Amino acid sequence: QGFLHLFTSWILDEDLPWTTGKSPSLALLFKYLKANMVLLSDTTVHNQLAKIFAELHGKSVKSKIAYATDTWTTKQMVYTFACTIASFIDDDWNIIEQVVDFKPLDDKEHEGL
């Protein structure tokens, strides 16, 4: 259970695809380390992240969580970024804002097609 929690947290923290757990090179690494761990499917990662969210939401966040997403381009039109932020009000009425995802976009990702 501890491995499952840490592995899925790592995937989220590093902004990795949820399919990372089935990577052939990761399987080779585990085999080299002689770790008898079952590699995780994207469904397992999704379910574990949902469980972590439910645990954290029940303990630390009693208000609703608002998510905001925005994209923007630098003045020189060289770089485009997307960002998602989660916001909530804590017990002392302080607004808490947390960056959920920040990603530079490829040229075609910002066209809105």
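The values are calculated or read from the model by the stated rules, or taken from the named source; none is laboratory data. None of these values were measured; they are calculated from a predicted model. All Cβ positions, glycine included, derive from the backbone under ideal geometry; neighbour counts span all protein chains shown. The area values use the complete protein model at the heavy-atom level, side chains included, leaving out ligands, DNA and RNA. Shrake-Rupley method; radii C 1.70, N 1.55, O 1.52, S 1.80 Å.
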Over region 17-31, the set of residues within 20 Å of ASP101 (Cβ to Cβ) and surrounded by 14 or more Cβ atoms within 10 Å (Cβ to Cβ) is TRP18, THR20, GLY21
Tell me yes or no: at least one residue of region 51-72 is among the charged types (D, E, K, R) and touching a residue at least 40 places away in the same chain (Cβ under 8 Å).
no
Matching residues in region 32-42 (open to solvent by 80 Å² or more (accessible area, probe 1.4 Å) and either more than 14 Å from PHE3 (Cα to Cα) or not assigned by the TED database to the domain that holds GLY21 (or both)) number 3
Quick count over region 86-95, residues being open to solvent by 60 Å² or more (accessible area, probe 1.4 Å) and either in contact (Cβ under 8 Å) with a residue 12 or more places away in the chain or within 14 Å of the chain's Cα centre (by Cα) (or both), is 2
